[in-house]
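Visitor: Just passing along the structure, written as structure tokens.
The values are calculated or read from the model by the stated rules, or taken from the named source; none is laboratory data. Everything numeric in this text was worked out from a predicted model, so none of it was measured. Cβ sites come from the backbone with ideal geometry, for glycine too, and all protein chains shown count toward neighbours.
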Amino acid sequence: MNSNTSLFLRRSGVCLFLLTGLMGLITPGVSAAAVSTKRLPYIDDNQQCRGQPLPATVEHLTGEAWKLDVKGKQEPLQEGMKVDEREGVMTSPSAFVSLSLGDGSRIVLPSSSRITLHLNEEHSIPQVILEQGQVESYVIKRASDYDRFQIVTPVGVLGVRGTHFRVRNDDGGQAVLEVLNGQVAVNREEESLSSQPGKHSVVSDNDEVQVMARQGLRIQKQGKLTPVELLPAPSLLGQAGQTGPAPTWQLIMKPIEGATRYRAQVATDPAFLNIKQEQFSSTPQVSFHDLKAFFYHVRLSAYDAQGLEGETGVYDIFYYPRTTRVQ
């Protein structure tokens, strides 16, 4: 027996062990239909034992959001809730949601966003159908001959094998992509999802472009797709406004040439999966309100004239509002 065969058998044994553990959960009181929703681990094309990406799990929730079932029925979203094939998530205008997938990938939905999850059963590729708003994705990098993650927009399909990127739909029927790490293949396709989970038909004009790290792209239905360099991250110059009966936390950034708008996010974790607030400003000064004293992670970025959000700068700040007492 050679080493490759031995390694394959050991990895297969791990999957077999996990399979046996799941099958051990089957009792006479549990229906076969309930168990069939559990997708078993599998051996990928590189002989690695992998967990199935779906269902996704709600890791963090700030504000009000809803889970959408296969028929679009809403129920309040909660941390720990599962979101499976053909189900979706919708966030309110002041909410943030982070989802973890079974393969280690994570996605973050900011306010006023809506997605539906699909699964390509043949290759266990999760598909995020972006219907409204924005999604920020952290995809686990793996060697593969096919995409490990896909974002589907009204004007194109984004194929990913491992990266950190943002994509959103704008009001003009276009999609906007910013790649912070890795690379994303953009294929301007018209994709119609069939009634069978993970199945879809594609009509492509073979118009594909690779968007590299620190590049962005506005994806329109027609015309040449040309990536551009993203703006650099803003530098934090200082902060103010932390005193008074209703303290306002003001962050002051160094202006960036070519920036038309600035964005600041405040999170309790360095990965920005648990975002508490975000603010936008046309000037390099952004203000937050009603934040409690805490050690926050602050992420700053700027937008160019095309509406592309640039690179991010992260700062760790202990915010301590000092209220004023009237004697």
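Visitor: Evaluate the following for Val186: is it within 30 Å of Glu64 (Cα to Cα), hydrophobic (A, V, I, L, M, F, W, C), modelled with pLDDT of 80 or more and assigned to a strand (DSSP E or B)?
Guide: Criteria not met by Val186.
Visitor: Can you tell me which residue among Asn46, Asn4 is modelled with pLDDT under 95, surrounded by fewer than 18 Cβ atoms within 10 Å (Cβ to Cβ) and in a loop (DSSP other than H, G, I, E, B)?
Guide: Criteria check complete, one pass: Asn46.
Visitor: Yes or no: Thr163 at pLDDT 95 or above and either more than 23 Å from Thr62 (Cβ to Cβ) or of a type in the set (S, T, N, Q) (or both)?
Guide: Spelling it out, it is not the case that Thr163 is at pLDDT 95 or above and either more than 23 Å from Thr62 (Cβ to Cβ) or of a type in the set (S, T, N, Q) (or both).
Visitor: Could you tell me whether any residue of the range 159-171 is in contact with a Lys or Arg (Cβ under 7 Å, 6 or more places away or on another chain), free of Cβ contacts under 8 Å to residues at least 24 places away in the same chain and surrounded by fewer than 20 Cβ atoms within 10 Å (Cβ to Cβ)?
Guide: Yes, some residue in the range 159-171 is in contact with a Lys or Arg (Cβ under 7 Å, 6 or more places away or on another chain), free of Cβ contacts under 8 Å to residues at least 24 places away in the same chain and surrounded by fewer than 20 Cβ atoms within 10 Å (Cβ to Cβ).
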